[in-house]
Ligand SMILES: [Ca+2]
């Protein structure tokens, strides 16, 4: 009788141990890892989209932060828990050297090892280049479609406007910065003036072009 009670007790202890082990196995003790942060360099006074790539085991990443000198510059919204994903921040930096620290946490509040990124934020002082690719000339009073190439190796072209004798007749709106690309001006222009100007610029810089009207 005593032996059977001892046996039941032992079985009970074993079952408790097994269930406790199962609970522990479901607990996430694994901190997320920040795989990469891009870009590695930023221009000064220019909004940059920073992409944070992360992985996790267990509960999944739910939030990331970017801080500098212990002050938080940006906090992501609460993310859908993800074991392998990314999130984007938009930040603008003053001129000079910056060291930012990126951290992510999972749904069990495990904090990643911080990833540090140092870079010198410089002002973009080079104006973009642009060239009209069509047409090289036009006949006054006819509808004409313009296209142009734009190029900028620093912050990129993010806004273009077309002026006719100083009056804006078309603009691109704010675009994702273009390093090199073709700008299609989907606008039929009625050319009735002596010349037209295509102006591309970012920040306060601009360049001018003109086409001959015959
Ligand atoms: Ca985890």
* Pick from region 92-118, criterion at pLDDT below 95 and within 19 Å of the chain's Cα centre (by Cα), ranking: farthest from the ligand (Cβ to nearest atom) -> 94
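Yes or no, residue by residue, for (1) at pLDDT below 80; (2) within 16 Å of the ligand (Cβ to nearest atom); (3) farther than 19 Å from residue 79 by Cα:
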position	(1), (2), (3)
23	yes, no, yes
28	no, yes, no
40	no, no, yes
44	no, no, yes
50	no, no, no
55	no, yes, no
61	no, yes, no
* Asked: Does region 106-113 include one or more residues that are surrounded by fewer than 17 Cβ atoms within 10 Å (Cβ to Cβ) and within 30 Å of residue 146 (Cβ to Cβ)?
  -> no
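The values are calculated or read from the model by the stated rules, or taken from the named source; none is laboratory data. Bear in mind that the values here come from a model prediction, so they are computed numbers and not experimental data. Because the Cβ atoms are built from the backbone with ideal geometry, glycine has one as well, and the counts that use them run over all protein chains shown.
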